[in-house]
Amino acid sequence: MEKTTKKFIEISPHRSVWSKISKTGYSIQEALSELIDNSIDARASDEKIRVSIDITPDMIVVYDNGKGMTEDQAAKSIRLGFSEKKSQLGEFGLGLKTSTSFLGKSFTIITSPKGKDEEYVLEYDEDHWLEHGDWNKYPFIVNMGVEPGRSGTTIIIKRLKVSVTDKLIKNIKEEFGIRFGPFIKNGEIELIYNKEVCVPFEPSLIDSQKNEFRFDFKGGRASGWWGYQLSGLNKSYYGFHTYRRGRLVTIFDKIGLTPNQDIKQIIGDLHVEGIPITHDKKGWLKSSEEYQVLEAKMREYFKPFEKKQKRV
């Protein structure tokens, strides 16, 4: 009989992993949205959180006045794949690391928990990390004497990897109005972008008519509204903005709409619970049974309305 030996091995990832996770295929909007998600998760119950994003060609600063992180939470926030969040937006433990690494070569996290006179600082520089990084000796700074009544988190990203143009800055603000519209409407968040308040996106509809709908299926539900947009006949800008837990997952999603349909004016919001999403929260798992059931229900419902063309 062969002898079996049990032993323990070190499985900490190589320091090069961090630079590789930045290659996510994010857009700048998606990367920034990951950081805003974390701020929303830090919102104290029944209190509006203020999140501000300031972008220049050289630096990005994201600030919130939320609960901040405890010393233990701050130390663990830098660990890849670690998350204690359940039923929240940042549940996979990757958003902070992947988004900051995608946006810039260096970043600083400064966080202060409510009721404590301390703040915790973590700094990362990609070039220094690749040469000297040690997963077992990551520097962690504790500053004492901070005002106890102050709380929140600031993320400063420098040595940007992304190109920031005036057109992009405008597009980001408009997309934030889509992505975080439900939170803004509900009074859960005040979102400030380059000193301007973001407002929810409101499409122009024929007769301003919104038709509400709801579908229940095993393990989940979906609800929302739809209407005929005035612009019409656009090759791609129609379909649904889909949301999970109030946060945008996809824009102009064609779920439930007939492919290559002649009418391209149906638009709406679709709030879905019970369908799994990808780890980067950029899409639904279309192979899941829940997704396929919902898609079939929606296709049956919307088929008559796709034939009823609306002309402007």
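Any read-out appearing in this document is the output of simple, stated calculations on the displayed coordinates, not a laboratory observation. Please read these numbers as outputs of a predicted model, since none were measured by experiment.
What the table below lists for this structure:
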item	result
Straight-distance crosslink candidates among aspartates and glutamates, where the alpha carbon sits under 20 Å from Lys297 and sequence neighbours closer than 8 are dropped	Glu212, Asp216, Asp253, Asp269, Glu273, Glu289, Glu306
Under-5 Å amide H pairs with Thr250, H placed in peptide plane, nonlocal only	Thr242
Between region 290-307 and region 42-61, the alpha-carbon center distance in angstrom	38 Å
